[in-house]
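Q: Have a look at this one before I ask anything.
The values are calculated or read from the model by the stated rules, or taken from the named source; none is laboratory data. Keep in mind that this is a model prediction, so the values were computed, not measured. Cβ placement follows ideal geometry from the backbone for every residue including glycine, while neighbour counts extend to all protein chains displayed. Just the protein is used for accessible areas: all its heavy atoms, side chains included, with ligands, DNA and RNA removed. Shrake-Rupley method; radii C 1.70, N 1.55, O 1.52, S 1.80 Å.
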Amino acid sequence: MARYTGPKEKIERRLGSKLFLKGERSFSPKSATVKRMYPPGMHGKTFHRRLSEFGQQLQSKQKIRQTYRMMEAQFKNWANEAIESKRETGEALVKKLENRLDNVVYRAGLAQSRDQARQLVSHGHILVNNKKVNIPSFQIKTGDILKIREGSAKSPYFAVSIPQWIKKYEPPKWLAVDKDTLTIQITGIPTMQDSGLEAKDIRSLIEFYSR
């Protein structure tokens, strides 16, 4: 499946919002979203356009889709499923997005960006209930336990890199993370507040796909 491989900070600048797509660099003064938080292009610094209602809905949709690094087709399907479900649409969509395996790996502190988490999952480093799962969009459920594959645990990334930052990292309340063994247990259900998404963006996204 084709994926965007260009500059991630250009996406953030175009949307006018920091999505933390570059991991630790997103917090650095060197980040383009710190130095140049205006649209890319020669007229980006001076050109200001008032968005229509449709434009605002599109921008909200793109912000959420890019936050979770999803392709348009799958994201649209998930949004439509949430709209058609019997649950509150925003909560249903947030739960599905947050329960993606790559997102759980990111939220647990095993990766500094969702792209990095996606790579860990795709390369088969993560076990779910002692079974290798290499599908980033795989849906995790309450009670599931995630571990590092035994053959991967001794690699420099898991043995050296992660311990440098995970001790100071605080995962969300719906995840129980053993920072010594790098074991993750799903103990609750993620909420809108846990996701960090803005309610207005969720509403705009629902309006966009309900047209």
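Rundown of residues vs (1) more than 10 Å from the chain's Cα centre (by Cα); (2) open to solvent by 10 Å² or more (accessible area, probe 1.4 Å); (3) modelled with pLDDT of 95 or more; (4) of a type in the set (A, V, I, L, M), yes/no style:
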position: Ile64; (1), (2), (3), (4): no, no, no, yes
position: Arg69; (1), (2), (3), (4): no, yes, no, no
position: Glu81; (1), (2), (3), (4): yes, yes, no, no
position: Glu84; (1), (2), (3), (4): yes, yes, no, no
position: Gly90; (1), (2), (3), (4): yes, no, no, no
position: Arg100; (1), (2), (3), (4): no, no, yes, no
position: Asn103; (1), (2), (3), (4): no, no, yes, no
position: Tyr106; (1), (2), (3), (4): no, yes, yes, no
position: Leu110; (1), (2), (3), (4): yes, no, yes, yes
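Q: Can you spot a residue in the range 163-173 that is open to solvent by 20 Å² or more (accessible area, probe 1.4 Å), part of a helix (DSSP H, G or I), closer than 17 Å to Asn99 by Cβ and among the hydrophobic types (A, V, I, L, M, F, W, C)?
A: Of all residues in the range 163-173, those open to solvent by 20 Å² or more (accessible area, probe 1.4 Å) come to 163-165, 167-173.
Pick out the ones that are also part of a helix (DSSP H, G or I) and you get 163-165.
Cutting the leftovers down to closer than 17 Å to Asn99 by Cβ gives us none.
No; the residues of the range 163-173 include none that is open to solvent by 20 Å² or more (accessible area, probe 1.4 Å), part of a helix (DSSP H, G or I), closer than 17 Å to Asn99 by Cβ and among the hydrophobic types (A, V, I, L, M, F, W, C).
Q: Output the residue which, of all residues in the range 112-134 that are part of a loop (DSSP other than H, G, I, E, B) and free of Cβ contacts under 8 Å to residues at least 60 places away in the same chain, is surrounded by the most Cβ atoms within 10 Å (Cβ to Cβ).
A: Quick first cut of the range 112-134, residues part of a loop (DSSP other than H, G, I, E, B) only: 112-113, 123-125, 129-130, 133-134.
Those still in the list that are free of Cβ contacts under 8 Å to residues at least 60 places away in the same chain too: 123-125, 129-130, 133-134.
Details: His123: 11, Gly124: 13, His125: 21, Asn129: 12, Asn130: 9, Val133: 15, Asn134: 13.
Only one residue fits best here, namely His125.
Q: Could you run through the range 129-159 and say how many residues are more than 26 Å from Lys76 (Cβ to Cβ) and β-branched (Val, Ile, Thr)?
A: So in the range 129-159, the residues more than 26 Å from Lys76 (Cβ to Cβ) come out as 129-132, 142-159.
Pick out the ones that are also β-branched (Val, Ile, Thr) and you get 142, 145, 148.
Residues flagged as more than 26 Å from Lys76 (Cβ to Cβ) and β-branched (Val, Ile, Thr) within the range 129-159 amount to 3.
Q: Can you tell me which residue in the range 76-111 is nearest to Lys61 (Cα to Cα), limited to those that are free of Cβ contacts under 8 Å to residues at least 12 places away in the same chain and either part of a helix (DSSP H, G or I) or acidic (Asp, Glu) (or both)?
A: This residue is Asn77.
Q: May I ask you to list the residues in the range 65-75 that are assigned to a helix (DSSP H, G or I) and under 14 Å from Pro190 (Cβ atoms)?
A: In the first step, residues of the range 65-75 are kept if they are assigned to a helix (DSSP H, G or I); the result is 65-67, 72-75.
Result: Thr67, single match.
Q: Let me ask you something else. So Gln119 fits all but one of (1) under 17 Å from Met70 (Cα atoms); (2) modelled with pLDDT under 95; what number is the exception?
A: Every condition holds for Gln119 apart from (2).
Q: Restricting to the range 186-211, give me the number of residues that are surrounded by 15 or more Cβ atoms within 10 Å (Cβ to Cβ) and in contact with a strand residue (DSSP E or B) (Cβ under 7 Å, 6 or more places away or on another chain).
A: 1
Q: Kindly indicate which of Ser152, Ser137 is at pLDDT 95 or above, more than 30 Å from Arg203 (Cβ to Cβ), among the hydroxyl-bearing types (Ser, Thr, Tyr) and surrounded by 15 or more Cβ atoms within 10 Å (Cβ to Cβ).
A: Working: Ser137 fails: more than 30 Å from Arg203 (Cβ to Cβ).
From the options Ser152, Ser137, the qualifying one is Ser152.
Q: While we're looking at this one, here's another question. Can you run down the residue pairs with Cβ atoms below 8 Å, 6 or more apart or on separate chains, where the first is in the range 193-211 and in contact (Cβ under 8 Å) with a residue 24 or more places away in the chain and of a type outside the set (Gly, Ala, Ser) and the partner is open to solvent by 40 Å² or more (accessible area, probe 1.4 Å) and assigned to a helix (DSSP H, G or I)?
A: Taking only residues 6 or more apart or on different chains, the pairs are Ile202/Met192; Ile206/Ile83; Phe208/Phe54; Phe208/Leu58; Tyr209/Lys76; Tyr209/Asn80; Tyr209/Ile83.
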